[in-house]
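The values are calculated or read from the model by the stated rules, or taken from the named source; none is laboratory data. These numbers come from a predicted model, not from an experiment. As a convention, Cβ positions derive from the backbone with ideal geometry for all residues, glycine included, and neighbour counts pool all protein chains shown. For accessibility, only protein heavy atoms count, side chains too; no ligands or nucleic acids. Shrake-Rupley method; radii C 1.70, N 1.55, O 1.52, S 1.80 Å.
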Amino acid sequence: MNKTTKNLWDAVTSLKLTIGCLAALMILVVACTLAQVRLGTLGAVNLYMRSWFFWMPLGGLSIPIFPGGATVGLVLMVNLVAAQIRRLELSWRKAGIWIVHAGLILLFIGEFVTSAFQVDARLAFEIGQTSNSLVVPRQVELAVVDRSDPKLDDVYGVSERALGRGGAVAIPGTPLSLRVLAYQRNAQLGRATPGAPTAGATEGAGVGLAFVPLPPVTNDEQADLSVAVVEVLDGGKPVGRWLASNAIEAPQPFTAGGRTYTLALRDRRIYLPYTLTLEDFRHDVYPGTDIPKNFSSLVRLQNPSRGENRNVLIFMNQPLRYDGKAFYQASFGKGDTLSILQVVENPGWLIPYVSCVLVTLGLLVHFAISLRRGLRRAGSARPSAAPQEAA
């Protein structure tokens, strides 16, 4: 190992680096907590804890001034792995410490998995209503729906990422394609002033409208007003240009190739291969008060592919875990006839539990080994001490 490599290896395994990372995490936690007042929980977490760097605007540029939670967590994880390889001996005597380090490393891995793959959605339905679709707030899609068949809608969603890229997007199974002319995550939408240019829509409810770009909102109580301007092509031939926005509630219809379609910019949908029916909703209170005691939804789960048709009770702290998703009782409305379920899909949801078990097990093993070693030393010291006492 040459000098440069040794210096780098010393830096990576340094205890000072560990302490520096822990100090940076404490600073980020405090900053994130304070920022929730103005940014909301999601905005503050994304800005400080799930970013690689914290950026500060300077003139017309943004410069990184502090590492984000993702960077600090990655460096700390590398530091733990390297220090474990370098300093800990591979023996049963250090088995507990190895297990503890493995649990801590797994905890960091779990956070990366959660931040990258977790999806938070919601399901709102009234008593007697059946649904197989989830709504993902804060994520939009441009939905093109073929309504030619009165019994079945064929839905195609253009993701927000595709809208942001712009260009042409083909609609599978149809001769249609879309050309994304403009997309804005958040904007102020309104009538164009006389003499001012419009957004360019030639068809639908967006004719004569214009929009002004705004920065995305971060507060939990607010939502972005998104706008997309698209040109519909039928076999490569222009049909018209539409302005779609989640501020325009009614889907905008059009015809192409003898079929009827609608166009709408809406919250992203996730369609399930099974259905849920709200059989009953209960809002229990403590006797003689208006203090809530329990919220519960009796849901019928029907999955023909698995031959399932059963009732499930979802209540506070008792979610339904099914098909990789967890359905939590979140809210209610309409005089206790509407139930709102929070649906979380997180492939790494078990990782924190496994991590905590490993850390606890490692500490127990380490203490047990230390106790056994201490008892052995005490036992070996007694025979030598006995003759001295007799003398």
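Quick notes on this one:
For every residue, the table says whether it meets (1) touching a residue at least 60 places away in the same chain (Cβ under 8 Å); (2) of a type in the set (Val, Ile, Thr).
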{"position": "Asn186", "(1), (2)": "no, no"}
{"position": "Leu189", "(1), (2)": "no, no"}
{"position": "Ala196", "(1), (2)": "no, no"}
{"position": "Glu203", "(1), (2)": "no, no"}
{"position": "Val207", "(1), (2)": "no, yes"}
{"position": "Ser226", "(1), (2)": "yes, no"}
{"position": "Asp234", "(1), (2)": "no, no"}
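- Contact map, the stretch 1-21: first residue on the phi > 0 side of the Ramachandran plot, second residue part of a helix (DSSP H, G or I) and not small (Gly, Ala, Ser), Cβ cut-off under 6 Å, separation 6 or more or different chains; the map is empty.
- Residue selection: Ala121 satisfies the criterion of being within 30 Å of Ala326 (Cα to Cα) and touching a residue at least 24 places away in the same chain (Cβ under 8 Å).
- Matching option when the condition is β-branched (Val, Ile, Thr) and surrounded by 15 or more Cβ atoms within 10 Å (Cβ to Cβ), among Val285, Val357, Val299: Val299
- Every condition in (1) open to solvent by 40 Å² or more (accessible area, probe 1.4 Å); (2) more than 29 Å from the chain's Cα centre (by Cα); (3) closer than 30 Å to Ile99 by Cα holds for Gly307 except the one numbered (3).
- From Pro216, Pro273, Pro251, residue being open to solvent by 40 Å² or more (accessible area, probe 1.4 Å), closer than 13 Å to Arg185 by Cα and either in contact (Cβ under 8 Å) with a residue 12 or more places away in the chain or hydroxyl-bearing (Ser, Thr, Tyr) (or both): Pro216
- Which listed residue, of Gly257, Gly240, Gly288, is on the phi > 0 side of the Ramachandran plot and in contact with a Phe, Trp or Tyr (Cβ under 9 Å, 6 or more places away or on another chain): Gly240
- Test: residue in the stretch 55-76 that is touching a residue at least 40 places away in the same chain (Cβ under 8 Å), closer than 27 Å to Gln222 by Cα and open to solvent by 50 Å² or more (accessible area, probe 1.4 Å): no
- Only a single criterion out of (1) under 29 Å from Ser133 (Cα atoms); (2) in contact (Cβ under 8 Å) with a residue 12 or more places away in the chain is not satisfied by Gly335, namely (2).
- Which numbered condition Lys325 misses (of (1) more than 30 Å from Val144 (Cα to Cα); (2) open to solvent by less than 60 Å² (accessible area, probe 1.4 Å)): (1)
- Lone qualifier among Thr275, Thr255 - being within 28 Å of the chain's Cα centre (by Cα), more than 17 Å from Phe211 (Cβ to Cβ) and either in a strand (DSSP E or B) or of a type in the set (Ser, Thr, Tyr) (or both): Thr275
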